[in-house]
Every structure is written in structure tokens, then in C-alpha cells.
1. Tell me, which residue of segment 254-275 that is in a helix (DSSP H, G or I) and touching a Phe, Trp or Tyr at 6+ places or on another chain (Cβ under 8 Å) is nearest to GLN296 (Cα to Cα)?
2. Give the residues of segment 71-103 that are near the ligand (Cβ under 9 Å from one of its atoms), part of a loop (DSSP other than H, G, I, E, B) and open to solvent by less than 10 Å² (accessible area, probe 1.4 Å), sorted by residue number.
3. When segment 18-36 is examined, which residues are found to be within 28 Å of the chain's Cα centre (by Cα), under 24 Å from ARG231 (Cα atoms) and free of Cβ contacts under 8 Å to residues at least 12 places away in the same chain?
4. Residue check: is LYS278 surrounded by fewer than 17 Cβ atoms within 10 Å (Cβ to Cβ) and farther than 23 Å from PHE87 by Cα?
5. So, in segment 145-173, of the ones that are open to solvent by less than 50 Å² (accessible area, probe 1.4 Å) and more than 16 Å from the ligand (Cβ to nearest atom), which residue ends up nearest to GLY98 (Cα to Cα)?
6. Just one of the numbered conditions (1) in a helix (DSSP H, G or I); (2) in contact with a helix residue (DSSP H, G or I) (Cβ under 6 Å, 6 or more places away or on another chain); (3) within 14 Å of the ligand (Cβ to nearest atom); (4) open to solvent by less than 40 Å² (accessible area, probe 1.4 Å) is not true of ALA64; which one?
7. Of these, VAL88, VAL132, which one is touching an Asp or Glu at 6+ places or on another chain (Cβ under 6 Å) and either free of Cβ contacts under 8 Å to residues at least 24 places away in the same chain or under 26 Å from CYS322 (Cβ atoms) (or both)?
8. Picking from GLY190, GLY176, which residue would you name as being closer than 19 Å to THR86 by Cβ, modelled with pLDDT of 95 or more and either within 14 Å of the chain's Cα centre (by Cα) or of a type in the set (A, V, I, L, M) (or both)?
Amino acid sequence: MKQLEFLDLRRLNEPYLSDFENATCTNFRSGHYIGGPSVAKFEQEFARYCGVRQCVSVGNGLDALVIALRALGVGVGDEVIVPGQTFVATWLAVSAVGAKIVPVDVSSSTANIDTVLIEGAITPHTKAIIPVHLYGACADMARIMEIARSHSLFVIEDAAQAHGAICGGKRAGAHGHVGCFSFYPSKNLGALGDAGGLVTNDDVVAERARLLGNYGSIQKYVHSEIGMNSRLDPIQASLLSVKLNNIDNIIEKRKKCAAAYSEAISSRSSTKLSRLLKDDIDCVWHNFVVLADDRQQFIDHMKSHGVHTAIHYPIIPSRQECYLEEFGSINLPISERLAAHSVSLPIGEYLNECEINQVVQAISTYL
Ligand SMILES: Cc1ncc(COP(=O)(O)O)c(C=O)c1O
């Protein structure tokens, strides 16, 4: 039986090999090994793709969030609302700037922040909301922006998993004051190493972000802020430009894969397994997540059919050792339930029909 890994990054990147080689040689010959034309080109292309004025590239997605918070002046004494279930980086960014994390539970149908609960978490100290577009589907940005406007809050979108997702006619990252992206290798737009970026329509925020990621300096050896070194490598920038050219195709193929899995689940009425996202939500399917009543049984069944799965994420941030003391007793029932039952199926633009069918068959026999 063919073994289908949860993710095969080498296969995913194989089609780009000769373009990657050319791009790497061009960088080598250019003599620009920090910054330079490859970085500027990718920033322009990604800003245009997101439909915003500015993209500031940085070293990774966590830095994008930290720099966004700092560029907006969020820090000690401020509170920041975050979802109860997300990759821990969303929370770490708030901790890094010394602000207080205020977790809000997520919706059981999307795993994104439950907008009904946001206003109850706002206090006079609240400065920002960080919605996460988990698994590739946008949080309810129309409602979040409405709440933010009425309470004068900043919105920083954590769009690390949602490159290209559209809601309300805008791409992920273009709704809030700043949108933050990771280009970690496994992301839908992934580099061959760490990489990240933030997008914004605010030129002042963009300039401050650029400065913060470059030692707090615009002019060499002149430092106006206590900055950090977080810059996108030019080789990674040029590889990202290659893949950005193909992003619509990447998303299309992922949607096709997700449609086949969704159909396999919806065609049988069973309480053993359910889909997380329904058809009315545009999703770019960074992950395809199902909820299994008996998770271990489902994982074992899929494995016995050669299909390897993953869990995003088994322990919610408040239950992580680093946050246990502060948040261990907080009640986030939906986040906890998702962490206990979610399973991610293999998904990727490189999967062929036969492999997609292998997953579909395994789901069908389980049900
Ligand atoms: C939702 C979310 N936020 C932030 C990050 C952090 O990105 P990075 O790994 O590039 O630091 C990631 C991915 O790793 C993520 O999935």
C-alpha cells in the first residue's frame, strides 16, 4: 500500500526547481546578499497581490506580529484580544511586546475567534484585536472591523495560514490596520527557510515597521528606535516571487482536494466525523481539518490505509507550560474541544488524483 505522508515539502517544491536555480544564480551574481532588488520586487508583488499599498518583509511570521504590534505602539499596560485556539506564535507576539493577552474562545463551526464574545472582553486598556484566519479561512472581518471602529481598537490580522483568502471582496491581510504573514516552508506560499512579511495601507506604520526590523535604523549607523534584525533574505524573496506567480493555481488545486474530502464526509450522515468549515466560507485550505469523535480510532484507521495525519493543534496556548500559571484556569471550552478532536488530513497542490482518492476511500470506509 502506498504511504501518503501528511506533507512532502520536497515534492511540493519539485516543479519550481529550475526557476529556483535561476533565481538563486541571479542573486549570487547581483552581489546583494541583504535587501536589494529581489526583496523590493517581492514586496511590491505581494502588496499588489493582497491589494494594499505596502508590504514590509521580515524574517518570519512571529517577527511580523511583534513588529506590527510595536509599529502600532502596543506595549506594556495594553491589552490585546486573541483567539483561544491558534498556533502559539499569536500569543507569543503579545507577550514579546509586554502587553496583556486577553483570550477569547473560538466558534465551533470555523475555529476562528467568536465575534459574539469579543465585546465582553474589551476593557479601557484594550488596544488591539488579533484575529487569526486559522486553516486558511478568514475570521468574520466585517464584524471585527465594526467592533474595532466602535471601540477605537487596532486590528492586526494573523494571516499566516491564509495567503490569498478572500472575504468581503478583500484578501486576507487587507482588512485590518496591519496583516501579518508567515512564509514558513509548509505555508501555502512557503519559502525554503524562515520568511515573513506584513502588509498595510498605512505608510507611516510601514515605515516604522521597516525601521524596527532593521536595527531601528533607516540611515546607516543612525538608530532612532531600539529595533531588531528581522529581514527577508534576498534568495528567499526571489523564490517567493516564483511561487507567488503560481499562487492562484496552488489555491485552486487545494480547493479541489478539499472538495473531494468534503464530499466524502458529507455524503454519509455519521456523527463519528464532521467537517470544520462549511461550503459558504471561502478557504484556501492551508489545513483540511475534521473533527473525530474518537480521534485515536480515526487516526489509526487512516494510518492503516496508508494515510498519515497531523493535529493542529493538540494543546491550546493557555494549556502550554509557558502560559499555565497565568491562564491555566481560564475557561475556553470550544478551543479545548477542537484541540481534543481535530485531525488534519494530507492536503497539497502536489497530490494526484490517485492520492486524493486514497484519502477519500479511507474516509469512506471509516464512515
Ligand atoms: C497562525 C500562525 N501565526 C504565526 C505563525 C508564525 O510564523 P513563523 O513560523 O514564520 O514565525 C504561524 C506559523 O508558523 C501560524 O500558523
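The values are calculated or read from the model by the stated rules, or taken from the named source; none is laboratory data. All of these numbers come straight from a predicted model, not from anything done at the bench. Glycine also receives a Cβ, built like all others from the backbone with ideal geometry; neighbour counts cover every protein chain displayed. Each accessible area value is taken on the protein alone, full model and side chains, heavy atoms only, with ligands, DNA and RNA left out. Shrake-Rupley method; radii C 1.70, N 1.55, O 1.52, S 1.80 Å.
1. So the residue we want is TYR261.
2. Narrowing segment 71-103 to residues near the ligand (Cβ under 9 Å from one of its atoms): 86-90, 92-93.
Keeping just the survivors that are part of a loop (DSSP other than H, G, I, E, B) gives 86-88.
Matches in segment 71-103: THR86 only.
3. Within segment 18-36, GLU21 is the sole residue that qualifies.
4. So LYS278 does not fit the description; no.
5. Top of the filtered list is LEU153.
6. So ALA64 meets the others, but not (2).
7. The unique qualifying residue is VAL132.
8. Values: GLY176 fails: either within 14 Å of the chain's Cα centre (by Cα) or of a type in the set (A, V, I, L, M) (or both).
Only one candidate passes the filter, namely GLY190.
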